[in-house]
């Protein structure tokens, strides 16, 4: 069963095909004929897209592909955020070590050389 949004996409593609066909034949025919044939082509294309989707399960394949990509991107994002966390933690620890070393050096210098 197709999701409503995919049905809308198929209907829009059919409508575009119908409009383009109507524009293509309009110069050589009466407007009513061009409009009628454009509507017929649009309906035909929409139904054919539904048939192809049912036969080849295109929508299901696209949904599976998108879900796979979403998981992959999500995993990559989590991995990158973890890397940022690790690097930031390393830099904070380094800054604390440098500050602590300076402070300890100052204390040692004050104790050993009070004047």
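The values are calculated or read from the model by the stated rules, or taken from the named source; none is laboratory data. No experiment lies behind these values; they were computed from the predicted model shown. Here Cβ is always computed from backbone atoms with ideal geometry, including for glycine, and neighbour counts include all displayed protein chains.
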Can we say residue 34 is out of contact with any strand residue (DSSP E or B) (no Cβ under 7 Å at 6 or more places or on another chain), closer than 26 Å to residue 13 by Cα, in the same structural domain as residue 15 (by TED's automatic domain parsing) and at pLDDT 95 or above?
no
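So that you can scan it fast, the table gives a plain yes or no per residue for (1) surrounded by 10 or more Cβ atoms within 10 Å (Cβ to Cβ); (2) over 30 Å from residue 12 (Cβ atoms); (3) assigned by TED's automatic domain parsing to the domain that holds residue 11:
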| position | (1), (2), (3) |
| --- | --- |
| 44 | yes, no, yes |
| 62 | yes, no, no |
| 80 | yes, yes, no |
| 88 | yes, yes, no |
| 93 | yes, yes, no |
| 98 | yes, yes, no |
Residue check for residue 74: in a helix (DSSP H, G or I) and surrounded by 13 or more Cβ atoms within 10 Å (Cβ to Cβ)
no
Of all the residues that make up segment 1-53, how many are under 27 Å from the mean Cα position of the chain (by Cα) and part of a loop (DSSP other than H, G, I, E, B)?
3
Of 73, 87, 63, 93, the only residue that is in contact (Cβ under 8 Å) with a residue 60 or more places away in the chain and farther than 30 Å from residue 21 by Cα is 63
When residue 55 is evaluated against the numbered criteria (1) at pLDDT below 95; (2) within 25 Å of residue 7 (Cα to Cα); (3) surrounded by 10 or more Cβ atoms within 10 Å (Cβ to Cβ), which criterion, by number, is the only one it fails?
(3)
